[in-house]
Amino acid sequence: MSKKKRAYVDAGATLADLDAATQRHGLATPVGINSTTGIAGLTLGGGFGWLTRKYGMTIDNLVAAEVVTADGKKLRASEQDDAELFWALRGGGGNFGVVTQFEFALHPVGPEILAGLIVFPFAQAKQVLTRYRQFATMSPEDLNVWVVLRQAPPLPFLPQNVHGKEVVVLPIFCAGKVADGQKLIEQIRAFGDPHGEPIGAQPYAEWQKAFDPLLAPGARNYWKSHNFTELSDGATDSIIEYAGKLPAPQCEIFIGHIAGAANRVTPRAMAYAHRDAKFILNVHGRWESAAQDTSCIEWSRAFFKASAPYASAGAYVNFMTEDEGNRVAAAYGSNFDRLVQIKKRYDPKNVFHFNQNIKL
């Protein structure tokens, strides 16, 4: 930490490590929503979470990086030093070297924020999603509301007869004044007739761990992802259709709202190009037994295909699976050719290829 509101994060650190250090000073930078995630992989792919609407993506807050390149050289990459490499690191994945330290800009956040969940019946999904997308277009950037469609875990605030049933969950995060957030939450409650809602002031660092139990190690996973500039009727209809036939209790569809500061960065400012995206959808196939591999993977692929006509260009590389190497060029869009040239300069032998690889 420094007086300049900077965090210096070494390789191997997790979101929990960063949040614990920065929150001692009432500061944070936008990162993901699972505290066990590694800062390095998250950042190199882009990085988004609860603070993205207000402060941009993780890469938008990266000030500099120390990098060991394929030839063994240790470089400092920033806007002033090795600027082309710095451009590529911000979204280009692990294609260019091993980052041994990240320097991030920090912002005043917490230590207490207003957050929680509102859980609606799945029978009201069309109504809730329609009202959600209308609300999202005019909500302030201090507020971030996402959508998760899944089977309800046995949470203590839910009636027992709801456990294991399909539901629509709206996770809500407010970084602004609690009183202002509570007024906005009143509007969200009116989207339908909630099953339950634990919402209140809590430490930011604890909210960052709230979804860890849903992503604990040991399960089998298959993910697919789309960007959206809007949630059209066709998009929400496909979401509801496939949320109605989840193949396993842990499978889910989630929509992250990222409209705001991230959209005010130009597409060519750094490797991550898709600055028109206002929502990122993740088809999260997750299950326990190898016997379910076929049904869960086929469900994920079928929903990905059904929702594709309503999606915008590109993809978020951190949500791309190993079998999606053919989407790499599309993921980087108009920035791909420049990334290829930078790859030729810093890693001409493609030493760093265990990633969404930029092939030469």
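Things to note:
- Scanning segment 276-292 for residues that are surrounded by fewer than 19 Cβ atoms within 10 Å (Cβ to Cβ) and assigned to a loop (DSSP other than H, G, I, E, B) yields 276, 288, 289.
- Only residues that are outside any strand (DSSP E or B) and within 27 Å of the chain's Cα centre (by Cα) were counted across segment 57-74, and they come to 5.
- Residue check for residue 77: touching a helix residue (DSSP H, G or I) at 6+ places or on another chain (Cβ under 7 Å), outside the structural domain of residue 214 (by TED's automatic domain parsing), in a strand (DSSP E or B) and of a type outside the set (Val, Ile, Thr): yes
- Every residue from segment 40-56 that is over 13 Å from residue 107 (Cβ atoms) and in a helix (DSSP H, G or I): 40, 41, 42, 43, 44, 45
- Residue list for segment 139-151, filter: touching a Gly at 6+ places or on another chain (Cβ under 8 Å), surrounded by fewer than 21 Cβ atoms within 10 Å (Cβ to Cβ) and part of a loop (DSSP other than H, G, I, E, B): 140, 141, 142
- First in segment 101-123 and at negative phi, second anywhere and charged (D, E, K, R), Cβ under 6 Å, 6 or more apart: 101/10; 101/66; 103/6; 106/5; 118/197; 122/166
- Figure legend. Inter-residue proximity from segment 346-360: first residues among the hydrophobic types (A, V, I, L, M, F, W, C) and buried (at least 17 other Cβ atoms within 10 Å of the Cβ), second residues modelled with pLDDT of 90 or more and assigned to a loop (DSSP other than H, G, I, E, B), beta-carbon distance below 6 Å, spacing 6+ or different chains. Indicated pairs: 352/94; 352/95; 358/95.
- When segment 1-58 is filtered for residues that are among the acidic types (Asp, Glu) and surrounded by 15 or more Cβ atoms within 10 Å (Cβ to Cβ), the ones remaining, listed by number, are 17, 19.
- Every listed requirement among (1) acidic (Asp, Glu); (2) more than 23 Å from residue 331 (Cα to Cα); (3) surrounded by 15 or more Cβ atoms within 10 Å (Cβ to Cβ); (4) touching a residue at least 60 places away in the same chain (Cβ under 8 Å) is met by residue 82 save one, (4).
- From the options 233, 212, residue that is among the acidic types (Asp, Glu) and surrounded by fewer than 14 Cβ atoms within 10 Å (Cβ to Cβ): 233
The values are calculated or read from the model by the stated rules, or taken from the named source; none is laboratory data. Model, not experiment: these values are computed from the prediction. Positions of Cβ are generated from backbone atoms using ideal geometry, with glycine treated the same way; all protein chains shown enter the neighbour counts.
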